[in-house]
1. Return the FRET efficiency for the residue pair Val28, Phe113: r is the Cβ-Cβ distance, R0 is 30 Å, and the value is rounded to the nearest 0.05.
2. Rounded to the nearest 5, what % of the DSSP beta bridges within region 8-152 are antiparallel ones?
3. What is the ratio of the Cα radius of gyration of region 8-152 to 2.2 N^0.38 Å, where N is its residue count, to two decimals?
4. Please state the relative contact order of the chain as a whole percent: Cα pairs under 8 Å, 6+ residues apart?
5. Return the FRET efficiency for the residue pair Asn145, Ser64: r is the Cβ-Cβ distance, R0 is 25 Å, and the value is rounded to the nearest 0.05.
6. Within region 54-159, which GluC sites (Glu not before Pro) sit in a loop by DSSP and count at most 11 neighbouring Cβ atoms inside 10 Å?
7. Which number gives the lysine pairs in region 8-152 that have C-alpha atoms under 23 Å apart and are eight or more places apart or on different chains?
8. Place +1 on the Cβ of every Lys and Arg and -1 on the Cβ of every Asp and Glu in region 1-105, take the dipole about the Cα centre, and give the residue among Trp14, His63, Trp40 whose Cα lies farthest towards its positive end.
Amino acid sequence: MIFKNLKIFSQNVWKNNLIVNTIFELKVGFNIIFIQEPSWSTIRTIPSSRNRKGESLVGITNHSNWLTFSRSLEMENDYPRVVIYINIRISPLHFSLCKDVINYKDILLILFFNNNNIFWLVNVYSDLSHTALKYLKDTEVCIQNLLIMINDFNIYDSL
């Protein structure tokens, strides 16, 4: 499969599932959606050997037409602030999450294959303290064929 006219959409959704669901339902032909600040919420309660009432299964919005790429929760209430959705129509490009290259909760790096080449996509959320940007600055990673880096850098300038 050769990609042509790849349509990528990026949005900070401010932890609002309604925005994410609206993006999914729009018929504008996006192939890839980069989301910053997704809503992590309880999907349902699951049985637990530690708690008679069960434990909360926490996750993000999913849709049957989209592959979801996000990091798993490493610590309770320390939710990753980036997610990437890939339309299933382009799944033959074989997308893969790459935590072994960049391992930071607010940076999501995925790769895909096209014509025997590897291409990279990066979604970044940097908080008001710019922790993700500092991580990128301090991490020496050489990524060839970086197709796009989309972000919410939270950098405000009067100009």
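Every read-out reported here was derived from the displayed coordinates using simple, explicitly stated rules and does not represent laboratory data. The structure presented is a predicted model; accordingly, all values stated were derived computationally and were not measured. Don't worry about glycine lacking a Cβ; one is built from the backbone with ideal geometry, like all the others, and counts go over all protein chains shown.
1. Here the calculated transfer efficiency is 0.70.
2. Taking every DSSP beta bridge within region 8-152, about 70 percent pair in antiparallel fashion.
3. Values: Rg = 16.1 Å, N = 145, 2.2 N^0.38 = 14.6 Å.
Working it through for region 8-152, the quotient is 1.11.
4. That works out to 18 percent.
5. Calculated transfer efficiency: 0.25.
6. Filter output for region 54-159: Glu74, Glu76, Glu140.
7. 6
8. Projecting each Cα onto the dipole axis, the largest value belongs to His63.
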